[in-house]
1. Determine, yes or no, whether Met62 is within 20 Å of Val295 (Cβ to Cβ) and either more than 14 Å from the ligand (Cβ to nearest atom) or open to solvent by less than 30 Å² (accessible area, probe 1.4 Å) (or both).
2. Of the residues that make up the stretch 42-49, is at least one over 22 Å from the mean Cα position of the chain (by Cα), buried (at least 23 other Cβ atoms within 10 Å of the Cβ) and outside any strand (DSSP E or B)?
3. Quick check on the stretch 215-235. Is at least one of its residues surrounded by 15 or more Cβ atoms within 10 Å (Cβ to Cβ), within 12 Å of the ligand (Cβ to nearest atom) and of a type in the set (S, T, N, Q)?
4. Starting from the stretch 179-206, take each residue that is under 21 Å from Met130 (Cα atoms) and modelled with pLDDT of 95 or more and list its partners that are open to solvent by 20 Å² or more (accessible area, probe 1.4 Å) and assigned to a helix (DSSP H, G or I), counting only C-beta distances under 6 angstrom and pairs at least six apart or across chains.
5. Do we have any residue at all in the stretch 20-34 that's within 16 Å of the ligand (Cβ to nearest atom), under 29 Å from Thr407 (Cα atoms) and part of a strand (DSSP E or B)?
6. Residue under question is Ser438, and the condition is that it be over 16 Å from the mean Cα position of the chain (by Cα), over 19 Å from Leu125 (Cα atoms), of a type in the set (Ser, Thr, Tyr) and open to solvent by less than 10 Å² (accessible area, probe 1.4 Å); does it hold?
7. Which one is farthest from the ligand (Cβ to nearest atom), of the residues in the stretch 349-374 that are open to solvent by less than 40 Å² (accessible area, probe 1.4 Å) and more than 16 Å from Thr396 (Cα to Cα)?
8. Being over 18 Å from the mean Cα position of the chain (by Cα), within 16 Å of the ligand (Cβ to nearest atom) and over 25 Å from Thr228 (Cα atoms) is the requirement here; does Arg128 meet it?
Amino acid sequence: MSNAASRPLTASARGPLRGTVTVPGDKSISHRAIMFSALAVGESRIEGLLEGEDVLATAAAMRAMGASVERGDDGTWRVHGVGVGGLQQPAQALDMGNSGTSTRLLMGLVSSHPISATFVGDASLSGRPMGRVIEPLGQMGAEISASPGGRLPLMVRGMCPAVPITYTLPVASAQVKSAVLLAGLNTPGVTRVIEPVPTRDHSERMLRGFGAELTVEDGPEGKIISITGEAELKPQHIVVPGDPSSAGFWMVAASIVPGSEITIANVCMNPTRTGLITALRRMGADIAETNARTVGGEPVADLVVRHAPLKAIEVPADLAPSMIDEYPVLFVAAALAEGRTVARGAHELRVKESDRIAAMRAALTAAGVQTEEFEDGLAIHGSAGAPLPGGGNVATLLDHRIAMSMTVASLAAAQPIAIDDVAPVATSYPDFFETLESLTG
Ligand code: S3P
């Protein structure tokens, strides 16, 4: 997983986009579905699981710690959990591939079990900061020895019983929040996370669904999330809704390619995830919601997206947590808008699968787009709907979202864009190119 061969692509204009696409299962929800099922007592069933490399890394890790995690021929996953407190010592290092979510959440789980685990990953993951989880998990009693800079490879020696803490998040991060809550699952007493800025709340929703005692209140500093430890999780039947981050590529593609009209079915509309829709609508995008419903405890809708001329905006910084993974593709929309779009307050982009501010600046520059870089964002001078020049070479830096965003940019480019490696797309959206083919074929 860590040494996948690279896959270059020369991406060319095509379209318009027409038809219906069903996006794969949400990545965040899929990770959590496997982890929580693996901690329940009995058999859980999961439908619609994202079968991308990141989620498969989580599945392999839970197997290595004693759970049975299997895919049936009908595509339903069956997980026999070990019970909270029942994780076993893995025989080998846990290979997290490219996945920050697997790493940080599993570090939380291991921290309050009487086991130790070594975490390794690919070059991208090995460059990402883990200090943000090492700090609170250390307070709970885990001993963590990391590579210089608080990076992978690292070893977590769990503490059992761990010490419950109250932790105020210094960064808006659902991964850090979840790591502490998951450590709290097997910790006696009540573990609290105070969240000054709301981030995706899939852990909270799903833990409750599994029967954990978890409350959320408003406090003076923000939301107070409390979990009562030594929980017993009851097995569930989970239906994973479609990933709004994956849907984002088609929202932008249909918005920028003239003549496009598509339906994106089954998109998770959890308000902590819909910032891209808000930003695109402010730019003038034509995105309609139909068939609103609830799937697996999450709001879901189908989206109808038609091509529309886009106008530059100042992207409000407070949208950042609800569209943090969508900035690369938003930058592509901005490149086709009329005027100068400014997106700031998104410093976290520097520590994703790549430094997404630098990576997207380089990629858009290669495609002939004028940009300005700030420490916490980018300004982009749009073409007012004219095709981008294209023609350059893009480095994806082991980052799936750079690869998919620049493939979307190529749809509206005069010359093909050479992308050095689209293999990372398999981490979150294995069928991306087949779907592109079907929408433009
Ligand atoms: C995720 C949280 C976000 C997001 C990541 C998935 C999660 O990361 O960027 O792709 O599933 O909790 P941060 O918590 O680092 O913001």
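The values are calculated or read from the model by the stated rules, or taken from the named source; none is laboratory data. Keep in mind it's a predicted model, so treat the numbers as computed, not measured. All Cβ positions, even for glycine, are placed from backbone atoms using ideal geometry, and neighbour counts span all protein chains on display. Ligands, DNA and RNA are stripped out before the accessible areas are found, and what is left, the full protein with its side chains, is counted by its heavy atoms. Shrake-Rupley method; radii C 1.70, N 1.55, O 1.52, S 1.80 Å.
1. Details: within 20 Å of Val295 (Cβ to Cβ): no; either more than 14 Å from the ligand (Cβ to nearest atom) or open to solvent by less than 30 Å² (accessible area, probe 1.4 Å) (or both): yes.
No: the conditions fail for Met62.
2. No, every residue in the stretch 42-49 fails to be over 22 Å from the mean Cα position of the chain (by Cα), buried (at least 23 other Cβ atoms within 10 Å of the Cβ) and outside any strand (DSSP E or B).
3. no
4. Matching pairs, first to second residue: Val197/Pro321; Thr199/Pro321.
5. yes
6. Considered against the rule, which asks whether it is over 16 Å from the mean Cα position of the chain (by Cα), over 19 Å from Leu125 (Cα atoms), of a type in the set (Ser, Thr, Tyr) and open to solvent by less than 10 Å² (accessible area, probe 1.4 Å), Ser438 comes out as no.
7. Looking at the filtered set, the residue picked out is Val369.
8. no
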